[in-house]
Structure formats: C-alpha cells, structure tokens
1. Beyond a 20 Å Cα-Cα separation, which of these cross-linked pairs lie in this structure: Lys170/Lys286; Lys140/Lys225; Lys55/Lys141; Lys141/Lys184; Lys249/Lys284?
2. With θ taken as phi - 60° and the coefficients 6.51, -1.76 and 1.60, list the Karplus ³J(HN,Hα) couplings across the range 298-305 in order, rounded to whole Hz; mark glycine and proline as x.
3. Skipping prolines and chain starts, which residues have an amide H placed within reach, meaning under 5 Å, of the one on Leu218, given they are 5 or more residues away or on another chain?
4. Checking the a/c ratio against 1.5 first, then a/b against b/c, what shape does the Cα gyration tensor give for the range 68-177?
5. Where Lys and Arg each count +1 and Asp and Glu each count -1, what net charge lies around Ile360 among other residues with Cβ under 12 Å from its Cβ?
6. Quick one: Karplus J couplings for the range 105-121, per residue in order, coefficients 6.51, -1.76, 1.60, θ = phi - 60°, nearest Hz, x for Gly and Pro?
7. Taking 8 Å as the Cα distance limit and 6 or more residues as the minimum spacing, I'd like the relative contact order of the range 281-429 as a percentage.
8. Rounded, prolate or oblate for the range 314-443? Axes are the square roots of the Cα gyration tensor eigenvalues, ordered a ≥ b ≥ c, and the cut-off for rounded is a/c under 1.5.
Amino acid sequence: MPMYEPNSYRNVKLDVGAGGQVLDLETAIKDGVLGGVGGGVLVCAGVAEKLDLKKMIEELESIEVPPVFICPISLDPMQDPVTLCTGQTYERSNILKWFSLGHCTCPTTMQELWDDTVTPNRTMQQLIYSWFLQKFLAMKKRSEDVQGRVIELLENLKKVKGQARVQTLKELRQVAAAHSTARKAVLDNGGTALLSSLLGPFTTHAVGSEVVGILVNLDLDFASKSNLRQPAKISLMVDMLNEGSIETKINCTRLIDVLMEGNDFEHENIWSLSLLVGLLRLVKDKRHPNGLLAGLGLLKSICSHESVRGSVVSIGTVPPLVGLLPSLNSECLELALYILEVLSSIPEGRLALKDCANTIPNVVKLLMRVSEACTQLALSILWAVCMLAPEECTALAVEAGLAAKLLLVIQSGCNPMLKQRSVELLKLCSLNYTSTIFISECKLTRTIQ
C-alpha cells in the first residue's frame, strides 16, 4: 500500500469505464461517473451488491491504491469513511478510537476540533467501492482467462507432437510460472499425470526440460511423486542434469530433491554415480552461482542416506566443498557444513577431510562467525579430523588460531553441549604441549590468558 497523502480530490487520476477513459477524481465526483449515477456504473452496481468490500480489499492486497482512499491513521484503504469538521476523512473505527484516547484534535492537521461530529462520506465510500470493484472484476476475468488457456493447452498436448509439443509446453510453463491460478488449473485438470506421461526413455531433452520446468513449480501429491520416481523418468532427469542448460540443471535438481522427500520409497531408485557427478559439477560451476543452493540442497538430501556417503566421498566431493566455504552465504554455508559433517561420520570422509590442506584453516575461521548451527557443525568436523590424527591435526589447528576461537565459544552464551565439545577439543589440542608453550603457540592475548 502507498504512503498516506492528505485527502485531496485534485490531481488524482482514475481509470474508469469500459472505454478506459482517464478522469481526475474531482471530475469523477462532479459528473457522478463513480458515484452510482452514470448508466455504466449501474450495470456494476448489481454485481457490487453481492461483493463484500472487505473481501475485495483483501484479494487486492498487493495492488497500488490511490492515496486519497487511504486512512491517514491506519494507512489502510477505508471501508467506512467519515469526515471531520476540518474536511479530513478517516476510517470510522480509527477516528473513534483516536477520540476514545482523549484527543480532541484532527490527527492530520492537529487543529483543535470545534465540532466532534463525524459525517459519513458516502461519495468517498462509493468511489472506493467502485474502484475496488472494477479492479476485482478485472482480476477475476484475468484469472478465468488463465484457467481457460491452461485447459486449452493441456488438451493440445494430447494431440500435438514434435516441435509443436515443445512450443505448447513452453507456453504452459510461462503461464504456470506467472500465475498461481494457472498452477492450480494444471493440478485440477489432470495436468500432472499428463506431463509425467511425457517423460520416458525416448523423450527428447527439449520436451523433458519444459516438462520438468512446469512440474518443479507444482505442489505434487503422493501419487504424482511415486509416478515420477520410475527409473526411466529419473534417468532422463539425471541425463538433463548432466547435459542440459543451467536452467534445466537447476530445475532437475530441485525436482529430484522434491522426489526424495519422505521415507516412503527406496532411495536407491533415485541416486546414482551419474547423479552425484552432475551435482558436483553444478556446485563447482562458478559461472552460475544460482545453481549452488539447489545443488547443495539435493546433496544434503542424498547424504542423509548412510549407504550413499561412501560414493559421495569417492567422486571427490570433499576438496571442492572445503574450498567453497569462505565464499558461501549463510544459507549455502550451513548446507555445505552439514554435508561435510555427515561425511566425517565415515572413515573415508574423515580421511578425505584430513588430506585436504584447507580443511582445518577454513573450518576454524567459521567458528563463532556466522551462526550457532554453523559453529556446531564446524566443531564436529574439527573433532573428527583431530581425533583421526591428533598430533598432526591439532598442531595445524592451533597454528590456525583454534584455541582462541574455542575459548570464545566457552565464554559465549552457546548451548552447554557446544561448550563441552569445545573444552574437550581444547584439551586434545593441549596434550602435546606444556602449559607455557601451549599459551605461547596459541598466540593468546593477555586478557584471554
């Protein structure tokens, strides 16, 4: 909604009438165009009686409303406008509340009122009603047009083939991306099953990428997900993840992630080495950072299945993820740390983390830097690596400034378990030093000492 501007009928332009004529508000009032006098408005009046103004305002919440229709107190559109003796108009409930607080002034001008009567502003109310009615009916008509077009496109898909099918799918994808009513129409008219039937071993990537681009924006039910988990359909998505455009790769990644939700299926039907390789390429591709979040999200879902973790490590996932840590935003960072922490739970993962030269310095820097969740994951990774090779890794960790970071955690308001793990890791780091040498090696300030 716009900021309030003082009530003034001058210089406010309204689009009224079927011909799209633009009038200023003062003329509209004078000529009765929106006041219920003109014949064109009487046609709408019959419909208006069946529509609630409050409902229309709620439905049109995101639309820009003329400032003259806005109550100066609440900054919301007025439904029952009343005018004071100063000429200023307010929503009735708002101005009465103002009076109930003991005020005897006009909220806008701060003039003392010589008459506290509130006069219903019927002209303004009719203007507001007519304006919202016009916008509401136009919105409903657009919605009906969109639904009709979706049904028409779905029917066409049953008949056309080749390039005509691709063009039909392109238009359906564009309409569905732009309108929530279009997505609902796809679901309500059997569109999910129809689109799913187009995916298979002989589907071209041109068709497949458009189908996936539509499906990924729909709220898929259990039956639809089960249908899409068929091996031939998953295989096509994986192929497109490896070979498609960046948009197709991201859509395939997001759709596969949706299909992995829940515990009602065998995850072995979805994951494969080819999928993992494609995901790692997507995550590593610095030319297209928008694919990073989708790739990390699916990788997290895959790593939640213990039997797959060894394969994730075997394709070389650890070094590039560790290398990305310093440049990630908070959302991606938490996903990457989660993946590394899960991989540190298996011997191959711990070894890969230890052998990566950047693991300890990059992870130490993240302690107490982003969030408590990230600190907890980082501590878990460091603990796993240091326990694998205490002498070698603790020396590197101390050199990277781990001790000072751990002391900050211990003195912070973090949860007790996190503090306890910090104490244990600090003790582990100190085992190979005398107290004096440890303090010297840690390069602690006098205050921290």
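1. Table pairs above 20 Å Cα-Cα are Lys170/Lys286; Lys140/Lys225.
2. Values, residue by residue: 5, 4, 4, 4, 5, 5, 5, 9 Hz.
3. Distant-sequence amide H within range of Leu218: zero hits.
4. It is prolate, given that a/c is not under 1.5 and a/b is the larger ratio.
5. 0
6. Karplus-based 3J(HN,Hα) across the range 105-121 equals 10, 7, x, 7, 8, 6, 6, 6, 7, 8, 8, 8, 5, 10, 9, x, 9 Hz.
7. Value for the range 281-429: 19 percent.
8. oblate
Each reported figure results from applying straightforward, stated rules to the coordinates on display, with no laboratory input. What you see is a predicted model; the values in this text were computed from it and never measured. Virtual Cβ from ideal backbone geometry, glycine too; neighbours counted across all protein chains shown.
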